Structure formats: C-alpha cells, structure tokens
2 protein chains.
Amino acid sequence: MNGKLYGIGLGPGDPELMTLKAARLIKAATCIAYPMLETGTSFARSIAQDHIADGVREIAIEIPMSVARKPAQDAYDKGAEEIRAVLEVGQDIVVLCEGDPFFYGSFMYLFSRLSEDFEVQIVPGVNSVSACASVVERPLVARSEVLTIVPATLPADDLSEKIANAEAIAVMKVGRHLNKVKDILAAQNLMDFAHYVERATLPNQKAMPLADAPDVAPYFSMILVSKGNDPWL
Amino acid sequence: MNGKLYGIGLGPGDPELMTLKAARLIKAATCIAYPMLETGTSFARSIAQDHIADGVREIAIEIPMSVARKPAQDAYDKGAEEIRAVLEVGQDIVVLCEGDPFFYGSFMYLFSRLSEDFEVQIVPGVNSVSACASVVERPLVARSEVLTIVPATLPADDLSEKIANAEAIAVMKVGRHLNKVKDILAAQNLMDFAHYVERATLPNQKAMPLADAPDVAPYFSMILVSKGNDPWL
C-alpha cells in the first residue's frame, strides 16, 4: 500500500502562524520534503524547524534561481521522483509549503506530478494577503466588495487594466517590479490608498504607506490597495 | 492604561486549522467576545471552545438575522460599547473571528468603532477560499494568474461582468444566490470548470462539481472556478 502525500501550509513566516494541524502532522512525520534555494537555505524548513523530529528523513528540492522555466521544471521532476520512491514503499511524506499550498505555491508542481497516483491531503495555511492586511491593520474586503489578487510579474498593460477594474487589490511578488507597480498606481491616483509590506510577520518585516517604500523590494513583498473610503464603517 | 484589543482569526471551521498563536492567545484570555446568532449559537465560539479557560468573561454580540443594515449596526454599536468598557479598565479582550478577521469578517465593524482609541493586534487566520481549495484538491492560482474573489450578493450583471473578466474565481457567500451564480456560469460555459463546497473543513462538509450541487445552499458555501486547463502543470 502506498504512502500518503501531505501538502502542509506553514503560513506567512511567523512560526506561530502555523495551524495546530500543520504542527501535529510535522511532528509526526518520518519523512519531510521542502524547496531549497541554491544557497542551501529553505524558508519553509525554517518556519517548521521547531516541530521537525530528530532523525527524520529530509528531501530538499533545490530550485534554481532562474527565470527560465525548464531548469525549475527539471528540479520538480527530480523532487517528485524522490517523493514517489518514498510513497511507493508505503511511507507517508509531508511537504512543507510557505503560506498556503494552493496559493501561488511551488507545491503545485509536485501535486501535478503525483496527485493522480497517490492519495493527497492538503492542509491550508494563512496566506500572505491576510498576513499583510494584519500587519498594516487595514481590512481587505467587507460586505459586497471584490478582492483582486494580481502578481506584479504581469506585463504593465495587463497589470494596469486589472488594477483599474478592481476595488480592493493585493499585488503579490512585488520584488523587482516595484517601480512598475508604483508608476501604475500613481497614474491611477491610487498612491494614497496603497500600503507596502515586506516579509510580513517575520522579525525583519517592514510596513508603510507605498509613498514611503524603499527603492528596492525583496521577492516577499506586497502592495495592498483599497480604493474605498473605509467602506466597512 | 487601556487594555489591548485582539482580533483573532480562527480559520474556516475545523478547530485544528486555528493557528498556534490564536490558540495561545485564547487560552490566556480573561475576556473574550464573539458574534452570536439570535438562536444563541456562535460559530466562532464553537471553533475556539476547547481553548477557552473556565471562568472567562464572555461578551456575546447578538447579530440580528436581517438584511437591513440598521439593526446590525446597532448591534455592533452595543457590542463595541461593551468591549470599550472592558478596555477602559485596562483589561485585554480577545475577539473570536471566523476565518480571517479582515476578510469579509464582522470584526471590521468592531475594529472601525474601536481602533482609533485602543491598541489593536490582528492575528490572521486561514480563510475560507484556501480551505475550499484544499477540500476540492484544486490549486487556486499559480505563477502569473489573477485570483478574483467576488461575493455572490452582487447584482447579477455586476457578478457576470466580474466573472467574465476574471481567470480564477472564488464566489463567496453563495447561499440563496446559488441559482443566480449557476445561471451566470452556465451562460459563460464555465459549469465544467466550477466546484461547489459547503461548510469546508467541518464534519458535515460537502464538495462536488457545481453541476451536481444541491438546489439549496447554506450561507457558508462557495463556488471555485478555474478557467485554465491545469495551468500549474
């Protein structure tokens, strides 16, 4: 009988924002897997580290830092094969996922390679949008408002159109796209409604009005925009 | 010195999907508050109940089941005044919030009445969108996809336009709007891409392709639509 594949959301970064279920399943795991950068660091593992038992088998999936698709796909192919080998001998495996596994997460690349052949259980996690809203202390959406979540990686024209048609907006993965997003928001007179957050819920988090944001943003940064005038009042 | 107001996200319903931080703060609380229906039941309290210490002071904010705004606003006025009285004598208070406090949550109505006068800390929670995606085992968004979250309470024309312009869609608060949403999705040939979920992560949850959904949906139901053909592959 094959093992079961767990995709475990760890939340946005503060280890205390992991769910009770995630902590229980990580503690009980005999084999874990997680994405790792070429530098050898794994954000997912660092969030979970206090719950990982001694002697657990660890599969680090090294993800190349390349914008090209092929090297990353090759890395997920290799990682999925390692996980498959564990599942086929009947051992369960817990994949550690930053944030929520199904919300822009790399777990999807493993899920797509393995979910047809093995039983899967997803444990949802607190996503970065909720985390950023809690940090800036601004509600995301109320009542009949629409929330649009857009990656900053979109071409400027697409991004501009999405933002123009939206009410409340979360711009994900800002990083090197910061100036493009700023220009779009400024052109739409939205700078006064925009907040910038980086590394939400981590010790080195930053949060401020977008107008005061630094010139260089890390990958884990977000811009929240609410066009409404405190519509939840 | 005034007490501090905590808005604590409890996640979608399974008590194990609460964060470690939420559980710790609830356990330590000496005063809690939560919304309650006229029937005397509180979904938020039921999620948190195993962590509530004996002898804790409880403020139940009775929310009238009316579509009119005024009775609910009066209820939040009254609840906010009760909370204010606790904070003003220097006691902290933990407000229990279903899901995430800033994601369509009733906590916003208390926040708007109290946040200018008192220190607030928000603890984000797993939201229902991530919960529903985990239940149907379908990724929400990957790479440069846009996620649009729309309440089913919108007028049909607005809802139809939002859905037409979106990629991945979560339709919230389906309830009595089920047939309206179904008609819109059918008209846009999206029925085959839509999943229905009610009471996600609770013992009585249901999840199925929208085409097989029951005729009557509870308030806590959602429809997830992904127009892509497994774009995460």
Any chance you could tell me what percent of the C-alpha pair distances in the range A:125-177 go past 12 Å?
67
Do you know the relative contact order of the range B:87-148, to the nearest whole percent, from alpha carbon pairs under 8 angstrom that are 6+ apart?
27
Could you identify which residue out of A:36, A:18, A:65 has the top mean-square fluctuation in a GNM of chain A using Cα springs shorter than 10 Å?
A:65
Residue by residue, what Karplus-based ³J(HN,Hα) values in Hz, rounded to whole numbers, does the range A:47-61 have, using 6.51, -1.76 and 1.60 with θ = phi - 60° and x for Gly and Pro?
5, 8, 4, 5, 9, 7, 6, 5, x, 5, 6, 10, 10, 8, 9
Here the tail fraction of P(r) beyond 26 Å, over all Cα-Cα pairs of the range A:1-124, rounds in percent to 12
Which whole-angstrom value gives the distance between the alpha carbon centres of the range A:1-42 and the range B:162-233?
29
Debye calc, one equal point scatterer per Cα of chain A, no solvent, log10 I(q)/I(0) at q = 0.10, 0.14 1/Å comes to -0.51, -0.92
Under 20 Å between alpha carbons, and skipping anything fewer than 8 positions from residue B:70 in its own chain: which lysines qualify?
B:78
Pop out the ³J(HN,Hα) list for the range A:145-162 in order, Karplus 6.51 cos²θ - 1.76 cosθ + 1.60 with θ = phi - 60°, rounded to Hz; leave Gly and Pro as x.
6, 9, 10, 10, 10, 10, x, 5, 6, 5, x, 4, 5, 4, 4, 4, 5, 4
Under the helix-only model (-39500 (n - 2.57) for each DSSP H run of 4 or more, divided by the residues of chain B), the mean residue ellipticity at 222 nm, to 500 deg cm²/dmol, is -9000 deg cm²/dmol
Mind checking which of A:126, A:197, A:216 has the largest fluctuation in a GNM of chain A, springs on alpha carbons under 10 Å?
A:216
Per the Cα gyration tensor, the protein assembly as shown corresponds to an equivalent ellipsoid with semi-axes, largest first in Å, of 32, 26, 24
Expected vector for the range B:21-26, Karplus 3J(HN,Hα) from phi with 6.51, -1.76, 1.60 and θ = phi - 60°, integer Hz, x for Gly and Pro, equals 5, 4, 4, 4, 5, 5
Inside 10 Å of the C-beta atoms of A:94-102, what's the mean count of C-beta atoms belonging to other chains?
3
What's the extension gain from residue B:41 to residue B:215 if we count 0.36 nm per residue and subtract their Cα-Cα distance?
60.1 nm
Candidates A:40, A:99, A:125, ranked by Gaussian network fluctuation over chain A, Cα under 10 Å, top entry
A:40
I'd like the FRET efficiency for residue B:137 and residue A:204, computed as 1/(1 + (r/R0)^6) with the beta carbon distance as r and R0 of 45 Å, rounded to 0.05.
0.85
Could you check the spin-label model distance between residue A:62 and residue A:161? Points 7 Å from the Cα along Cα→Cβ, value in nm.
4.1
Taking a label point 7 Å from the Cα of residue B:115 along the Cα→Cβ vector, which residues of the range A:125-158 have an amide N closer than 12 Å to it?
A:133-142
Tell me, what is the percent relative contact order of the range B:1-128, built from C-alpha pairs under 8 Å that lie six or more residues apart?
44
If amide H atoms are built 1.01 Å from N in the plane of the peptide, which residues on other chains or at least 5 residues away come under 5 Å of the amide H of residue A:190?
none
Assertion target for A:87, A:147, ordered by fewest C-beta neighbours within 10 angstrom first, is A:87, A:147
Hey, which lysines would be in cross-link range of residue B:182, C-alpha to C-alpha under 27 Å, not counting anything within fewer than 8 residues on its own chain?
A:162, B:162, B:173, B:206, B:227
So which GluC sites (Glu not before Pro) in the range A:74-119 end up in coil per DSSP with only 12 or fewer other C-beta atoms within 10 Å?
A:116
Evaluate peptide B:119-125: per residue, the Cβ atoms of other protein chains within 10 Å of its Cβ; return the mean as an integer.
6
Go ahead and run the numbers for FRET between residue A:186 and residue B:4, Cβ-Cβ distance against an R0 of 35 Å, rounding to 0.05.
0.45
Can you compute log10 of I(q)/I(0) for the range A:128-226 with the Debye formula, treating each Cα as one identical point scatterer, at q = 0.11, 0.13, 0.14, 0.20 Å⁻¹?
-0.26, -0.37, -0.44, -0.93
Can you sort B:206, B:78 by how many other beta carbons sit within 10 Å, fewest first?
B:78, B:206
Per residue of B:169-175, count partner chain C-beta atoms within 10 Å of its C-beta, then hand back the mean as an integer.
1
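Coordinate-derived values only; no laboratory data. As the structure is a prediction and not an experimental result, all values here were calculated from the model. FYI the Cβ positions are ideal-geometry reconstructions off the backbone, even for glycines, and counts take in every protein chain you see.
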